[in-house]
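The values are calculated or read from the model by the stated rules, or taken from the named source; none is laboratory data. None of the values given here were measured: they were computed from a predicted structure. Positions of Cβ are generated from backbone atoms using ideal geometry, with glycine treated the same way; all protein chains shown enter the neighbour counts.
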Amino acid sequence: MSESLEGLNLSGDEIKRISDAMKDEKFRKLFVEYAEELSDPENRRLYEEELSRLENERGMDITFVNPTPGYVLKTSLNGEQKAFINICQSDKIDKPSGKREKESGKNGLMWYLPHSFAPPREDLDKNGQKCQVYDVVFHPDTYRMAESNQRFKKLVEDTALDGIEKQFAAKLDRKNLKRPNMKFKGTPTATVIRTKSQNGTPNTENEFLKKLPNPYEDKVAPKKVSENKIVEEKNKRNSESSETKVSGPTVPKYSIIHRSELDLQEYTNNQANKKSTRPKELVVTIQLPLLKSAASADLDIFEKRLVLESKQPAAYKLDIMLPYPVNDEEGSAKFDKTKHSLIVTLPVIPVPDKLDEELTTSNIESEGTDMLKDSVVENKPLIEKLVSIIPSNSIIYQKPDFSFTQDTETVNFVINVKNISRDSLTTDFPTPYSIHLKFLSLGSGGFPMNYSLYIEFDEDCQIAEDHCSVDVSTTALVLLILKSKESRREWNGFKAGVDVNSLEVR
């Protein structure tokens with residue numbers, strides 16, 4: 001008994017009381033009678049009549065929408081858990097309508113698809129895991145047209161998905177949309193549409209009605225869904241342009257945790273006990289809500305990169321750079337079936353002993369963050385010493401965080417990296433439409449970080465190399481690029497990466 005109540009979030013005392021009550025034959029008999037009374041259509045009709053009369057006295061008209069099951073869409077919600085969307089029908093919803101319109105010189109058919117949403121509810125999938133369920137109700141004519149026309153069916157489904165994301169601030173995975181062989185997830189439940197009454201005025205003398213909370217301000221039709229009502233709205237969609245282009249696999253959610261051993265000696269003032277800020281392990285957790293196991297996923301680990309890809313039963317692809325070099329031969333991975341997540345543990349390659357020795361003897365005090373900043377600004381030998389320790393052919397670069405603005409004449413990049421060494425900064429123009437920056441920075445732990453940023457514009461976006469400037473401060477680097485005279489206009493964008501082989505569109 002207690003196992004079947006796990007999903008109800010009950011306390012141990014509540015579970016015990018329910019279990020004891022179900023052992024009583026008299027209680028079981030009363031419970032069955034209560035359940036039959038709730039499911040009796042006549043009792044439901046009386047309840048709806050009484051509720052309609054009560055709402056009418058408050059100046060509101062209500063319409064009960066009893067959804068007729070249709071079919072189900074299955075996907076994931078916010079990249080974390082499963083979600084089911086029930087596509088239903090009811091004659092209480094307005095009929096669809098369409099009209100011919102001309103846009104961009106082409107004739108098209110503009111459709112109006114009235115529909116309603118029920119508030120999302122929590123349910124369990126067949127494995128007993130929690131999931132979210134949404135009901136979207138259309139008129140039967142809309143449903144019949146969707147059954148006979150695949151393009152119209154796509155329009156109906158896009159309308160449902162767009163509405164759910166807008167009304168409930170949800171993010172649905174459209175790239176892994178499935179259609180399981182089921183007509184409805186859960187039990188169909190009637191919901192209501194409340195509108196301001198056109199006949200009569202509210203009864204303001206009834207003291208009981210005054211105490212009841214008004215569901216809407218100024219007694220107007222609701223614009224948002226709450227716990228006990230749904231909203232009917234007309235969604236304007238163009239049948240020729242509504243097909244959402246969904247291509248490529250979904251990028252799953254992930255997190256990276258830096259894990260290290262804690263030693264109390266690290267918190268003393270003895271410099272001999274100071275260790276590098278580099279962690280011992282990286283723990284990468286990847287959310288895969290539509291996978292049942294890791295058997296269908298391919299995982300590749302490189303020294304500075306992690307790649308995961310699956311095609312069935314859901315298409316996922318994750319390709320990320322790791323913040324530290326790892327030992328790709330000694331890592332481990334396990335799949336958590338309860339959370340539908342893959343946990344990858346990767347040992348980090350330690351800092352070279354020579355660099356550890358140099359950093360330990362550099363007399364950097366525990367409160368020496370300001371000292372490090374001064375050494376960067378004043379070009380003291382500390383940076384030069386650290387640069388000379390690391391062979392140039394073994395440097396591992398990472399891409400810095402940056403922001404980007406432009407006008408018709410200039411492009412401005414702000415690179416958000418602190419304590420940049422001016423002496424380490426190099427600027428190169430590989431092509432007339434690209435620029436490559438390299439520099440070194442000292443973190444607060446005294447560990448040098450090497451950065452590289454390769455920026456490439458379109459070929460017709462030429463750079464005036466002689467008029468570009470770089471300004472370095474203690475908190476950031478500002479790169480000002482002057483556009484050549486023949487290229488002075490708004491540029492469409494650019495590609496950026498660590499080098500020319502790792503460029504990504506921005």
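Among the residues here, R28 qualifies as basic (K, R), out of contact with any Phe, Trp or Tyr (no Cβ under 6 Å at 6 or more places or on another chain), more than 18 Å from H115 (Cβ to Cβ) and part of a helix (DSSP H, G or I). Listed by position, the strands (runs of 3 or more DSSP E) inside the range 439-506 whose residues that are more than 14 Å from L425 (Cα to Cα) number at least 3 are 477-482, 495-497. Taking first residues from the range 102-130 that are of a type in the set (A, V, I, L, M) and partners that are modelled with pLDDT of 85 or more and outside any strand (DSSP E or B), the Cβ contacts under 9 Å between residues at least 6 apart in sequence or on separate chains come to L113/P96; L113/H139; L113/T142; L113/L155; L113/V156; L113/T159; A118/P67. Taking the range 485-502 as the range and being touching a His at 6+ places or on another chain (Cβ under 9 Å) and among the polar types (S, T, N, Q) as the test, no residue passes. When E55 is tested against the conditions (1) outside the structural domain of L161 (by TED's automatic domain parsing); (2) in contact with a Phe, Trp or Tyr (Cβ under 9 Å, 6 or more places away or on another chain); (3) touching a residue at least 40 places away in the same chain (Cβ under 8 Å), the lone failure is (2). The set of residues in the range 98-130 being assigned to a strand (DSSP E or B) and buried (at least 21 other Cβ atoms within 10 Å of the Cβ) consists of W111, L113, H115, S116, F117.
The set of residues in the range 311-324 that are within 29 Å of Y397 (Cα to Cα) and crowded, with 18+ Cβ neighbours inside 10 Å comprises Y316, L318, L322, Y324. Of the strands (runs of 3 or more DSSP E) lying entirely inside the range 267-317, those carrying at least 2 residues that are modelled with pLDDT of 85 or more and within 21 Å of M449 (Cα to Cα) are 281-287, 305-310. Of all the residues in the range 20-40, those that are over 24 Å from T189 (Cβ atoms) and hydroxyl-bearing (S, T, Y) number 0.
None of E490, E486 is surrounded by fewer than 16 Cβ atoms within 10 Å (Cβ to Cβ), more than 17 Å from F404 (Cα to Cα), of a type in the set (D, E, K, R) and assigned by TED's automatic domain parsing to the domain that holds I395 except E486.
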